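Input: a single structure, listed below in structure tokens.
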Amino acid sequence: MTIFGKRIAAALAAFMLTVTSVWTFTGVIVSADDTDNPDDGIVTASERKTDLLNEVHEDAPQISAASYVLYDANSGSILLGNEYDVQKEPASMTKVMTVLLALERLEPEQIVTITHEMATETTAIPPDYVRLSLQEGEEISVRDLVYAAVLKSANDASLVLGMFMGGTEAEFCEMMNAKAVEIGCLNTHFSSAFGFSTPDNVTTPYDMALILNEAVSKTNYSEIAKTLNYTINATNKYSSARNISNGNKFISTTDFGYEYYIGGKTGFTNTAGYTLCAAARKNNRTLIGCVFNSADANIRYSDLIKLFEYGFSNFTTVEITESEYTPLIDEARLQIDGILSDTNLYVSEQRVVLDPFITTTSARAQLGSTNRIDLSQALVDTSAEEQTLDIPLCKVYSDKTYLIGTMVVVIEKKAGVVEINPEKKTNLTNVRSVLITFAVLSGLILLLVVALLIFRARIIKRRRDEVTKRANML
């Protein structure tokens, strides 16, 4: 290809790029104090779940349980943990899920009649498992069964609740597993409505924290779990009332009484060891602690108290409000509108999506933070009919930056406006100029070729004439 041809091809390539041109906002960092803040990379929402586990907490309490977790329910962050995603038997902590579904699906005053099938199944529960001794044909309220399951850990009460909702225990377990998936559990499989010791009735400390949080935040489970004593009135099978005392030592003892406790559940089997999950609330902040496979019935309580105290003292949960980002959002909008003013585009929608809370260490929070909105990666395609920009909103600490939300901007073309792009116009003019030049040069070349052909023809004719003259002379 000639040099001239290469120039034509380059011009056409430039024109094609212009057709799909992209406006790029300058790398502007807008911050609360308009200063640069060092960070080691932005911690995203998904990374925040386990980010604090990657930090060294030298003064963290020593926990005796094989597996445990401390979970901040407000922000969804795991503060401390060991083998928090390893499946283990929960024992009677299973009842939290059974009661959760009962509180969601049933009315407290509903009467449950113990069927022959229910009586048969409850009879099969091992004799060393706690029970309420329900009788076939007995009529008892959902409320009574729930309190018996939570306070007394009555296995037959929990099983009857499950069969009343699911028809059979197996069908109810399908409901339990579906609910587990719904609330975000990834490593849970229930095969028992009450916590029978079996290798396929398993969950994890983290999943158990999610289940308990669902119960205390979405139902009146907390009210039930904090009840010290409860009375089941006489039924058609029992002539006298049955008094139930709360077996949870957070409620029933002074040695392990914890003022911030708002609900939980104990558990024990020979294979599961001692288990315990509990929720605590202080200053509108909820922490969930779970210990699995503890070697001692009392140590599981002291372990959780240590976890709660450390969590409340050494971590801070910050509420995120849109108002604190309003000045930055308004400034960003002005910049966007300024860029779009020379195009046929406009902002058709603007909204802000924020995470409600983030958790970080108290030491980090005490040093203060700034807010930041980042336009550096905001790109606008001038050829698109509609596009959405997700602009990061960040909270910046001295050593870490958290992504806490996005400013969502929807951009559309103005109706009834023919697109005029100065860059496109300039490039079209360049192409036309090149094409005209090419045509002129081609014409000149053609004239030159014609002239050369005429000149050559004349030379050939002259030579022929000379040859003819010489022949005549001879």
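Just so you know, all these numbers are worked out from the coordinates, no wet-lab data involved. What you see is a predicted model, and the numbers here were worked out from it, not measured in a lab. Note that we place each Cβ from the backbone using ideal geometry, even for glycine, and neighbour counts take in every protein chain shown.
Between residue 223 and residue 412, what is the label-point separation in nm under the 7 Å Cα-to-beta-carbon projection?
The modelled label-to-label distance comes out at 4.7 nm.
For the residues 116, 189, what sequence is obtained by ranking on other C-beta atoms within 10 Å, fewest first?
116, 189
Restricting things to alpha carbons, tell me how big region 224-367 is in terms of Rg and Dmax, in Å.
So, for region 224-367, Rg and Dmax equal 25.4, 86 Å respectively.
Please report Rg (one decimal) and Dmax (integer) in Å for the Cα set of region 58-99.
Just the Cα atoms of region 58-99 yield Rg and Dmax of 12.5, 38 Å.
Using modelled backbone amide H atoms (1.01 Å from N, in-plane), which distant-in-sequence or interchain residues come within less than 5 Å of residue 357's amide H?
320
Just subtract the alpha-carbon distance of residue 442 and residue 366 from 0.36 nm times their residue separation and send over the number in nm, one decimal.
Fully extending the segment from residue 442 to residue 366 adds 19.7 nm.
At residue 457 and residue 85, where each label point lies 7 Å from the Cα along Cα→Cβ, what is the point-to-point distance in nanometres?
The two pseudo-label positions are separated by 8.7 nm.
Determine, for 250, 455, the number of other Cβ atoms within 10 Å of each Cβ, and report the residues in order from fewest to most.
455, 250
Going by C-beta contacts inside 10 Å, put 143, 333 in order with the fewest on the left.
Arranged by neighbour count, lowest to highest, 143, 333 become 333, 143.
At 1.306 mPa s and 10 °C, plugging the Kirkwood radius over alpha-carbon pairs of region 145-264 into Stokes-Einstein gives what diffusion coefficient in µm²/s?
101 µm²/s
Exceeding 22 Å between C-alpha atoms, which entries from my cross-link table qualify? They are 179/306; 237/265; 226/249; 282/306.
From the list (179/306; 237/265; 226/249; 282/306), the Cα-Cα distance tops 22 Å for 179/306; 237/265.
Per residue Cα convex hull volume for region 52-192, in cubic angstrom?
132 Å³
Distance between the C-alpha centers of region 356-382 and region 276-328? Whole Å please.
If we compute the Cα centre of each part, the gap is 23 Å.
Take the alpha-carbon positions of region 65-295, form their convex hull, and give its projected area averaged over all directions (one quarter of the hull surface) in nm².
The number I arrive at for region 65-295 is 11.8 nm².
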